[in-house]
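Worksheet: one structure, shown below.
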Amino acid sequence: MKELFAFGQSILENQPFSVLLGTALDEFEPGKATLKLAVQDKLKQQHGFVHGGVVSYLADNALTYAGGSVLGDSVTSEYKINYLRPAIGELLVAQASVISSGKSQAVCQCQVLAVQDGEERMVAFAQGTIRKVV
């Protein structure tokens, strides 16, 4: 497990956009991944909550991490996201898991939570297909 986490950490460190945002890998094991992102004012939109593009990025990356945990080097083939409520809080947490996988693709799901004053609220739900890079 430590080797897989170290591998996942090295991937995150080599994603300039993830580094720019300050994304952290919290959990990475076969079939599961959790990414965290501290909310900063520069990530918010005009109404004061986290921009949908940031929420979407976090879900997309977590989905690909989950799929990649069983497939190896992978990319997102497609995904859909439902925004449930404004992302307000100090921290965003994207928890993704594999629903089904084969040799070359995995279908994964992800919930994005906003943490405010220690309370978690789901702000988005996503599902996607992850493809192994050949």
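The values are calculated or read from the model by the stated rules, or taken from the named source; none is laboratory data. Computed from a predicted structure; not experimentally measured. Note that each Cβ is placed from the backbone with ideal geometry, even for glycine, and that neighbours are counted across all protein chains shown.
Given (1) among the hydroxyl-bearing types (Ser, Thr, Tyr); (2) surrounded by 15 or more Cβ atoms within 10 Å (Cβ to Cβ); (3) in a strand (DSSP E or B), identify the lone condition not met by residue 57.
For residue 57, the exception is condition (3).
Take the residues in the range 77-116 that are more than 14 Å from residue 64 (Cα to Cα) and without any contact (Cβ under 8 Å) to a residue 24 or more places away in the chain, then tell me which one is surrounded by the most Cβ atoms within 10 Å (Cβ to Cβ).
Once the filter is applied, the top-ranked residue is 113.
Taking interchain pairs and intrachain pairs at least six residues apart, which have beta carbon atoms under 8 angstrom, with the first residue in the range 30-57 and on the phi > 0 side of the Ramachandran plot and the second part of a loop (DSSP other than H, G, I, E, B) and at pLDDT 95 or above?
Final answer for the pair search is 48/88.
Can you find even one residue in the range 33-46 that is more than 21 Å from residue 97 (Cβ to Cβ) and basic (Lys, Arg)?
Yes, some residue in the range 33-46 is more than 21 Å from residue 97 (Cβ to Cβ) and basic (Lys, Arg).
I need the full set of residues from the range 27-44 which are over 25 Å from residue 2 (Cβ atoms) and basic (Lys, Arg), in order please.
Hits for the range 27-44 are 42, 44.
Does residue 67 satisfy being surrounded by fewer than 20 Cβ atoms within 10 Å (Cβ to Cβ) and among the small types (Gly, Ala, Ser)?
No: the conditions fail for residue 67.
Part of a strand (DSSP E or B) and either modelled with pLDDT under 95 or out of contact with any Ser or Thr (no Cβ under 8 Å at 6 or more places or on another chain) (or both): does that describe residue 111?
yes
Return yes when residue 25 is under 20 Å from residue 79 (Cβ atoms) and in a helix (DSSP H, G or I) and no when it is not.
no
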